[in-house]
1. Of the heavy-atom accessible surface of the chain (probe 1.4 angstrom), what whole percent is carbon and sulfur?
2. Sort 148, 182 from largest to smallest accessible area, using a 1.4 Å probe on the heavy atoms of the protein chains.
3. Under 16 Å from the Cα of residue 172, which aspartates and glutamates turn up, not counting those fewer than eight places away in the same chain?
4. Aspartates and glutamates near residue 307 by alpha-carbon distance under 14 Å, same-chain residues fewer than 8 away left out - which ones?
5. Going by accessible area, probe 1.4 Å, with all protein chains left in place, what is the ranking of 253, 170, largest first?
6. For the chain, with a Gaussian network of springs between Cα atoms less than 10 Å apart, report the residue from 263, 150, 247 with the top mean-square fluctuation.
7. Helix by helix through the chain, keep the DSSP H runs that span 20 Å or more along the axis on Cα and average at least 0.5 on Kyte-Doolittle, and give those back in order.
8. Determine the per residue accessible area of the chain with all protein chains present and a 1.4 angstrom probe, expressed in square angstrom.
Amino acid sequence: MLSFNDTPFHPATLQLTGIPGMQTGHAWVALAFCILYLISIIGNLSILTLVIREPALHQPMYYFLSMLSLNDLGVSFSTLPTVLATFCFNYHHVGFDACLVQMFFIHTFSFMESGILLAMSFDRFVAICDPLRYATVLTNNRILAMGLGILAKSFITLFPFPFLVKRLPFCKGRILHHSYCLHPDLMKVACGDTHVNNIYGLFVVIFTYGIDSAFILLSYALILRAVLAIASQEQRLKALNTCMSHICAVLAFYVPIIAVSMIHRFWKSAPSVVHVMMSNVYLFVPPVLNPIIYSVKTKEIRRGIFKVLYKSQS
């Protein structure tokens, strides 16, 4: 029987799930998620504040890093309401339309991160392969245009998703397998013809992750060729060291995505907790690791942090 707010096709609310098998340890899980959110939010806000306040960081590399930090904040704030409600307040329900909105923002920020990492690889390519033209190629206007282009591409490609989901009836229950809303999870409880959703979803993944990762690999192939042409070993190591932070950020983003894809394709009988934990890694690890990576590996960021700490103590 339908509830008062239900329609024949859509439930009024969907039920979110925590982590399977850990119902008795939700307090510890809630604490872990709160710590991750704190590290992510404080770390990325600190990077943004440093780049804005320090004139020495007003360079293309750090403008792209600001975009990455802003995007990671978007990822964190997209999942935060339902994750905290599920684990901290034991509230497992989300409105159907609210779920679609959350799904849209989670996937949009995820695809934007891929585009920003591609833009950062282009920055490293120009800096190493054509350093004399670095300032003229990566002007402020071009950086702004690249940022707006990444935003527009992600928004336009993801905009049809909520409408494609909303046209489907939901007759396989209303229980989702995560503490937030994802498109593949919604497809598991939807019925009717989902071919359009699946085909369009595959197109978007190839159009974003596939193309972006291919160009990132191409840029690093060209960077490696240019570095190997440098006569001095010390200069080669110095040039490669400028890429280490970005390489770590790319690995932190793409390795969980590849792992999730491999598990879904080749280990379909895996326990549900494996799928849930890998999805959590895919969404929570990059926003937490990126500010740590750039703070540890980038001398200018470390110098800015020490400068702010020194001023606060003085």
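The values are calculated or read from the model by the stated rules, or taken from the named source; none is laboratory data. Just so it is clear, the model here is predicted, and its values are computed rather than measured. With ideal geometry, Cβ positions are generated from the backbone for all residues, glycine too; neighbour counts draw on all protein chains shown. Heavy atoms of the whole protein, side chains included, go into the accessibility calculation; ligands, DNA and RNA do not. Shrake-Rupley method; radii C 1.70, N 1.55, O 1.52, S 1.80 Å.
1. On the way: 11790 of 16450 Å².
Carbon and sulfur: 72 percent of the exposed surface of the chain.
2. Details: 148 100, 182 15 Å².
If we order 148, 182 from most to least accessible, we get 148, 182.
3. Those aspartates and glutamates meeting the cut-off are 6, 185, 193.
4. 54
5. Details: 253 5, 170 25 Å².
The ranking, largest first, comes out as 170, 253.
6. For the chain, modelled as a Gaussian network with Cα springs under 10 Å, the answer is 263.
7. Values: long enough: 26-53 (40 Å, 1.89); 60-88 (40 Å, 1.01); 96-129 (50 Å, 1.29); 140-158 (27 Å, 1.02); 211-228 (26 Å, 1.89); 244-266 (31 Å, 1.58); 272-297 (36 Å, 1.10); 299-313 (21 Å, -0.69).
Counting only whole DSSP H runs, the qualifying helices are 26-53, 60-88, 96-129, 140-158, 211-228, 244-266, 272-297.
8. Working: 16450 Å² over 314 residues.
For the chain, the solvent-accessible area averages 52 Å² per residue.
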